There are 2 protein chains.
Amino acid sequence: MSELRCNLISREWVIIATERAKRPHDFIKTKNKAEPLPNYKNDCPFCPGNEKLTPSETFALREKNSWKVRAVNNKFGALAQDEPLVRKIQGLYSSMSGFGIAEVIIENPKHNTCLPLMDIKEIEEVVRVYKIRYTEVEKIKGIESIIIFKNHGPSAGTSLEHPHSQLIATPIVPPQSRSRIEQAVTYFDLTGQCIFCRTLSDELNAKERIIVETENFVSFVPFAALSPFHMWIFPKRHSSSFADINEGEIRDFAKILKETVSRLYYGLDNPDYNYTIRSMPVNENGKEYYHWYLSIIPRVSQPAGFELGSGMFINTALPEESAKFLREVKPA
Amino acid sequence: MSELRCNLISREWVIIATERAKRPHDFIKTKNKAEPLPNYKNDCPFCPGNEKLTPSETFALREKNSWKVRAVNNKFGALAQDEPLVRKIQGLYSSMSGFGIAEVIIENPKHNTCLPLMDIKEIEEVVRVYKIRYTEVEKIKGIESIIIFKNHGPSAGTSLEHPHSQLIATPIVPPQSRSRIEQAVTYFDLTGQCIFCRTLSDELNAKERIIVETENFVSFVPFAALSPFHMWIFPKRHSSSFADINEGEIRDFAKILKETVSRLYYGLDNPDYNYTIRSMPVNENGKEYYHWYLSIIPRVSQPAGFELGSGMFINTALPEESAKFLREVKPA
């Protein structure tokens, strides 16, 4: 018997199609065993020694003569800071110049590592650079929204093996953010509560969708998970902007991030995935009702015509079963 | 120089990333030349003679002893009509039983055909069955929305070669429809006009994004196309529901559908694609402000973390260039 579930935070509906549900193990894609990657590749623009192959560096965490994490402008950036900020409205056609920021954050000098294989200390430095770049970019006049995200693997949209994340800052607030804000405001006005805090407390009570809990964070499969193994990491402390993350939380966030993505790596044989940090638009505050979080979307299923035509999703995995499976994975 | 464009109908923003723009020919994926398909496969559940392999038939257009188009319940349907219609709300968790309709519309007895290879007469019969099933399903108590769509090819989410479309009817109005309705209402209240009629008239004036124009329909690449070769087919006659399509329009719709998808088939070497008919929710009217249409989304690019994290899109093809390319394709 299928079930429709609504994600109140995003106002999205999902059909949990248990009739054709797959067991967690069915999502493991047997890959052609590729050659193991070398830890250095001489034509990789992100490998140490090849720094001249990237556009200008915007920041780097260094130790002695070498960098540990490095942020650079994206060579193929969809937006650029040197564009003028011009809006054009002609009848129904509203457009703007391509002003914005597009950076790549190279997570580690090693070509063949990834979050599950990195030390927590190394991931902490990645998260620290996320924060440093976020807080720098939000000062730039004209920037309204900052999206930090990761594309892991070809079906998640990356062609580069070297571990990296991206930051894109746009001169508009994406309508998807607006819609989440509207939901949060409606709930706040109705109850005086943050919808995210309430969700977190409900999930901690229900327990059945929790994956990892640390001192400051919780990772879980949402009640209305959009796709198999879709996960959220919520900070326990109510805070609307990722820029507010403090030193102790950075350390702890690195820990839960590693532990959570390791469940995918070891449990599902390193599937492709995306993650994205959802934070308040930079020129708005939303202190009372908004709450930043990280969303992880493994690419183990393919949205088709129904999803495109309705904005609804069909999830062939039961969220409670996905969570149980991930919870029980033994990260090596 | 990139450009951000807004699609006022859907309230979506797209970055037209001309910096990394590809030329239309770059989107042609050279496939491994597969064996040509046979016109009959004895294990295909949609081939004539294997009717017992499908669940119950809901409708068929027949000629003498054989069917020409056949609608059946989906064996792996995400929703089912025999589920009770029950809503459950517990705190933030809103859910419903999996009540609804999931049908497959087998477009042709031949295993190895597809819209570009079919006669207009045959496509007309497919469209007629779309209408017949739409108008039957909208009478079912509890149904709020009907989505007719097609998944063509594996990356568009189908595993079955035999040409088919699908109909899914849901017991809720998808939030994506709500958002489009809100946009249309806002525009109507402001101007007294249908936003779709206005878009169509602007496009016919601008000409540069038009692909095919027939007596009753126009296909074009939207100003803020979400992805390369994204296309819309609008009826010229203002009408909010697909159920209103009349006999003359059915014939003409078959013609423009064939001519439009043929541009993909011959111009881009038969790429995978989805299409979906967007129509008014069944228990609402929207006569003045809403306008049904068909949207075609070729699967030639991969949404990644930025798209998932912002709801914005990056399109690496200039809509005017995509339209010109498609316009100039000679459908064989």
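The values are calculated or read from the model by the stated rules, or taken from the named source; none is laboratory data. From a predicted model like this one, the values you see are computed outputs, not experimental measurements. Note: ideal-geometry Cβ built from the backbone for every residue, glycine included; neighbour counts use all protein chains shown.
List of remarks:
- Test: residue in the stretch B:21-38 that is more than 14 Å from chain A (Cβ to nearest Cβ), in contact (Cβ under 8 Å) with a residue 60 or more places away in the chain and over 30 Å from B:SER227 (Cα atoms): yes
- Failed item, numbered, when B:GLU288 is tested on (1) of a type in the set (Asp, Glu); (2) more than 26 Å from B:THR186 (Cα to Cα); (3) more than 15 Å from the chain's Cα centre (by Cα): (2)
- Residue among A:ARG11, A:ARG20 that alone is in contact with a helix residue (DSSP H, G or I) (Cβ under 8 Å, 6 or more places away or on another chain) and modelled with pLDDT under 95: A:ARG11
- Checked against the criterion of being under 30 Å from B:SER295 (Cα atoms) and of a type in the set (S, T, N, Q), the candidates A:SER219, A:SER227 yield just one match: A:SER227.
- Sole exception among (1) more than 7 Å from chain A (Cβ to nearest Cβ); (2) touching a Lys or Arg at 6+ places or on another chain (Cβ under 9 Å); (3) in contact (Cβ under 8 Å) with a residue 24 or more places away in the chain for B:ASP119, by number: (3)
- Selection within the stretch B:284-302 - crowded, with 18+ Cβ neighbours inside 10 Å, assigned to a loop (DSSP other than H, G, I, E, B) and either among the acidic types (Asp, Glu) or touching a Phe, Trp or Tyr at 6+ places or on another chain (Cβ under 7 Å) (or both): B:TYR289, B:HIS291, B:TRP292, B:ARG299, B:VAL300
- In the stretch B:304-315, the residue that is surrounded by the fewest Cβ atoms within 10 Å (Cβ to Cβ) out of those that are closer than 22 Å to A:PRO298 by Cα and in contact (Cβ under 8 Å) with a residue 24 or more places away in the chain is B:GLY311.
- Taken over the stretch B:262-275, the residue count meeting the criterion of being over 18 Å from B:LEU160 (Cβ atoms) and buried (at least 23 other Cβ atoms within 10 Å of the Cβ) is 2.
- Residue among A:ILE181, A:ILE147 that alone is in contact with a Pro (Cβ under 9 Å, 6 or more places away or on another chain) and closer than 18 Å to A:GLU103 by Cα: A:ILE147
- Of all residues making up the stretch B:241-270, the number that are polar (S, T, N, Q), under 16 Å from the mean Cα position of the chain (by Cα) and part of a loop (DSSP other than H, G, I, E, B): 1
- Conditions (1) at pLDDT below 95; (2) within 13 Å of the chain's Cα centre (by Cα): number failed by B:ASN274: (1)
- Only one of A:ASN65, A:ASN74, A:ASN7 that is under 27 Å from A:THR158 (Cα atoms) and either away from chain B (no Cβ under 12 Å) or buried (at least 18 other Cβ atoms within 10 Å of the Cβ) (or both): A:ASN74
- Taking the criterion of being more than 23 Å from A:ILE250 (Cβ to Cβ) and out of contact with any strand residue (DSSP E or B) (no Cβ under 7 Å at 6 or more places or on another chain), the residues of the stretch A:200-227 that qualify are A:SER201, A:ASP202, A:ASN205, A:ALA206, A:LYS207, A:GLU208.
- Filter pass, A:ILE105 being within 14 Å of chain B (Cβ to nearest Cβ), free of Cβ contacts under 8 Å to residues at least 24 places away in the same chain, hydrophobic (A, V, I, L, M, F, W, C) and part of a strand (DSSP E or B): no
- Subset of the stretch A:303-318 [facing another protein chain (nearest Cβ under 8 Å), β-branched (Val, Ile, Thr) and part of a loop (DSSP other than H, G, I, E, B)]: none
Here is a yes/no grid of residues against (1) modelled with pLDDT of 95 or more; (2) surrounded by fewer than 15 Cβ atoms within 10 Å (Cβ to Cβ); (3) part of a strand (DSSP E or B):
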{"site": "B:ASN32", "(1), (2), (3)": "no, yes, no"}
{"site": "B:PHE46", "(1), (2), (3)": "yes, no, no"}
{"site": "B:LYS52", "(1), (2), (3)": "yes, yes, no"}
{"site": "B:LEU61", "(1), (2), (3)": "yes, yes, yes"}
{"site": "B:VAL69", "(1), (2), (3)": "yes, no, yes"}
{"site": "B:PRO84", "(1), (2), (3)": "no, yes, no"}
{"site": "B:THR113", "(1), (2), (3)": "yes, no, no"}
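- Restricting the search to strands (runs of 3 or more DSSP E) fully inside the stretch B:130-230 and requiring at least 2 residues that are crowded, with 23+ Cβ neighbours inside 10 Å and within 12 Å of chain A (Cβ to nearest Cβ) gives B:145-152, B:164-170.
- Criterion: within 30 Å of A:ALA317 (Cβ to Cβ) and at pLDDT below 95 - qualifying residue of A:PHE27, A:PHE76: A:PHE27
- Residue check, A:LYS287 basic (Lys, Arg), out of contact with any strand residue (DSSP E or B) (no Cβ under 7 Å at 6 or more places or on another chain) and under 30 Å from A:LYS121 (Cβ atoms): no
- Any hit, the stretch A:73-88, residues being of a type in the set (Phe, Trp, Tyr) and in contact (Cβ under 8 Å) with a residue 60 or more places away in the chain: no
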